[in-house]
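Undergrad: Below you'll find the structure I mean.
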Amino acid sequence: MASKRQTEKNIIAVGRPSLPSLDRVTAKLEEIWHSGIVTNHGPQLCAFERTLSTKLENGGEAIALCNGTSALMAALAACDLEGEVITTPFSFVATAHAISSLGLTPKFVDIDPNSLCLDPKKVVAAITDKTCAILGVHIYGNPCAPDEFEALAKKYGLKLIYDAAHAFGAMHQGKSLVSYGDVCALSFHATKSFHTIEGGAVVTSDSQISERIKQYRNFGLDDHKVAQVLGINGKMNEIQAAIGLLNLEDHAENTAHRKAVYKRYVEELSDLKGLKIIQPFEGDVSNYSYCPLRVSADFSLNRDRLLSALDRRGIIAQRYFYPLITDMPVYKEYAQEFPVASKASKEMLCLPIYPDLSPKDQRRVIDIIIKIARGIEL
Ligand code: T4K
């Protein structure tokens, strides 16, 4: 939750939602008010899903839901799974919650040290006859080995589901990241580079999966309003969809601003010993949602002390993701050694990045880090 302090002036937060101008929002609200339809698959939602499906360019269908967690649950439910789902401990806890809340068992596997996503070699070693699916996460919008996992899923007859909460607009080898896997789930939370305030979507090219998702998000009801399967109320309302339509119009421009912010960090911080910004791999296109900085042992402060030093100066970076999911009390039965994930969890720090971050404020962040690196300010 955003603390009171994060809403104070002069605080530089890790992110700020890109908001369409109020006059455009007002025009949309007037449309909605005149229609009298505020939820349950109204005209805004239909227009949003249509535009989104075209924009994502994967030839599949985008189905909007009320948030990314419901989208993940819907994606898993639509695959009709039973048994163990292999996933990463280095993610937001919603990844594991979606698995557990459907009565499936998460099986956590360590990550790759470069991508910080699930490591395909370690996944192979973890597959058993109980495994039904792999749930990879495109951490910070970087691809979770899509080609390797597609091959693995085919070889072992597993479903491949992607948590693409961070991946809207990101590309791998010329293809949208949402094209990979049987189904993938996006988050459109306000902290994401594209958002609907709260919201999410499932993207799939499999028509059977998409029909199941539509039923799941609407209490499991069929066209005669009779529940055929277990479902939830996962519907996105008309105001969320309208904000989505407006934000889609602004998305390219917002991404260009994010990219400029990201590039300035790379230019200014890359030479500092012990600091490394995670950069897109060759052939990948980032959405610049995050600016993930690795603070290794040869930096003058450890990650947590750097976090506090920034915080004391009004800069709120975030430890995405600390603690590991398997170190949280709710998942304590799965606690074990994940050396690569554990190191990442202690070293990664996401720096402020958003389209409206002014060059002056970014300068403040950069100057403090440079001074700390030189031992001038601690
Ligand atoms: N899978 C993955 C991999 C995910 O990362 C997430 C969500 C999900 C699944 C589930 O999707 P959703 O069900 O959430 O759609 C945030 C978000 O709440 C969460 O959506 C997100 N991941 C997670 C990584 O981060 P916090 O706790 O970091 O947010 P908070 O409130 O501290 O906000 C961060 C900064 O943004 C603050 O410093 C202030 C600023 N802010 C925030 C909000 C909400 C604003 O300026 N305005 C705002 O309205 O969790």
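The values are calculated or read from the model by the stated rules, or taken from the named source; none is laboratory data. Every value quoted in this text rests on a predicted model; they were computed, and no experiment measured them. With ideal geometry, Cβ positions are generated from the backbone for all residues, glycine too; neighbour counts draw on all protein chains shown. For the accessible areas, the whole protein counts, side chains as well, though only heavy atoms, and no ligand, DNA or RNA atoms are used. Shrake-Rupley method; radii C 1.70, N 1.55, O 1.52, S 1.80 Å.
Undergrad: For the chain, with every protein chain kept in place, what is the accessible area per residue (1.4 Å probe, Å²)?
TA: 46 Å²
Undergrad: Using only the alpha carbon atoms of the stretch 251-373, find the Kirkwood hydrodynamic radius as the inverse mean reciprocal pair distance, in angstroms to one decimal.
TA: Answer for the stretch 251-373: a Kirkwood hydrodynamic radius of 15.5 Å.
Undergrad: How large, in percent, is the carbon and sulfur part of the accessible surface of the chain at a probe radius of 1.4 Å?
TA: C and S fraction of accessible area: 52 percent.
Undergrad: Quick one: of the DSSP bridges fully inside the chain, what percent are antiparallel, nearest 5?
TA: Of all bridge pairs located within the chain, approximately 60 percent are antiparallel.
Undergrad: Moving on. When only C-alpha pairs under 8 Å and at least 6 residues apart count, what is the relative contact order of the chain, in percent?
TA: In percent, rounded to a whole number, it is 22.
Undergrad: Out of Pro113, Pro146, Pro329, any idea which swings most in a Gaussian network model of the chain, alpha carbons joined below 10 Å?
TA: Looking only at Pro113, Pro146, Pro329, the largest GNM fluctuation is found for Pro329.
Undergrad: Over the stretch 22-247, calculate the relative contact order: mean separation of alpha carbon pairs under 8 Å at least 6 apart, over the residue count, as a percent.
TA: Relative CO of the stretch 22-247 lands at 27 percent.
Undergrad: Same structure, new question: Which pairs, out of Lys107/Lys154; Lys276/Lys346; Lys28/Lys214, put more than 21 Å between their alpha-carbon atoms?
TA: Lys28/Lys214
Undergrad: In addition: Compute the convex hull volume of the Cα atoms of the chain, divide it by the residue count, and report the result per residue in Å³ as a whole number.
TA: Each residue corresponds to 141 Å³ of Cα convex hull volume.
Undergrad: Would you calculate a helix-derived [θ] at 222 nm for the chain, using -39,500 (n - 2.57) for each DSSP H run of n ≥ 4 and dividing by the full residue count, to the nearest 500?
TA: Helix-only estimate at 222 nm: -12000 deg cm²/dmol.
Undergrad: If you don't mind, there's one more thing I want to ask. How much solvent-accessible surface does His97 expose, in Å² to the nearest 10, with a 1.4 Å probe and all protein chains in place?
TA: The accessible area of His97 comes to roughly 70 Å².
Undergrad: Going by a 4.7 Å Cβ-Cβ cut-off, which cysteines of the chain have no partner at all?
TA: Cys46, Cys66, Cys79, Cys132, Cys184, Cys291, Cys350
Undergrad: Shifting gears a bit: Could you tell me which trypsin sites (Lys or Arg not before Pro) in the stretch 213-245 are loop residues by DSSP with no more than 12 other beta carbons within 10 angstrom of their beta carbon?
TA: Within the stretch 213-245, the qualifying trypsin sites (Lys or Arg not before Pro) (loop, at most 12 other Cβ atoms within 10 Å) are Lys225.
Undergrad: When the solvent-accessible surface of protein heavy atoms is calculated with a 1.4 angstrom probe, in what order do Lys371, Lys346 fall, highest first?
TA: Greatest to least solvent exposure: Lys346, Lys371.
Undergrad: Among Asp356, Asp311, Asp271, which one shows the biggest mean-square fluctuation in a GNM of the chain, springs joining Cα atoms closer than 10 Å?
TA: Asp271
Undergrad: Only bridges with both residues in the stretch 22-247 count here: give the DSSP antiparallel percent, nearest 5.
TA: Of those bridges, close to 50 percent are antiparallel.
Undergrad: Springs between alpha-carbon pairs under 10 angstrom, Gaussian network model over the chain: which of Arg363, Arg312, Arg294 fluctuates most?
TA: Comparing Arg363, Arg312, Arg294 in a Gaussian network model of the chain, the most mobile one is Arg312.
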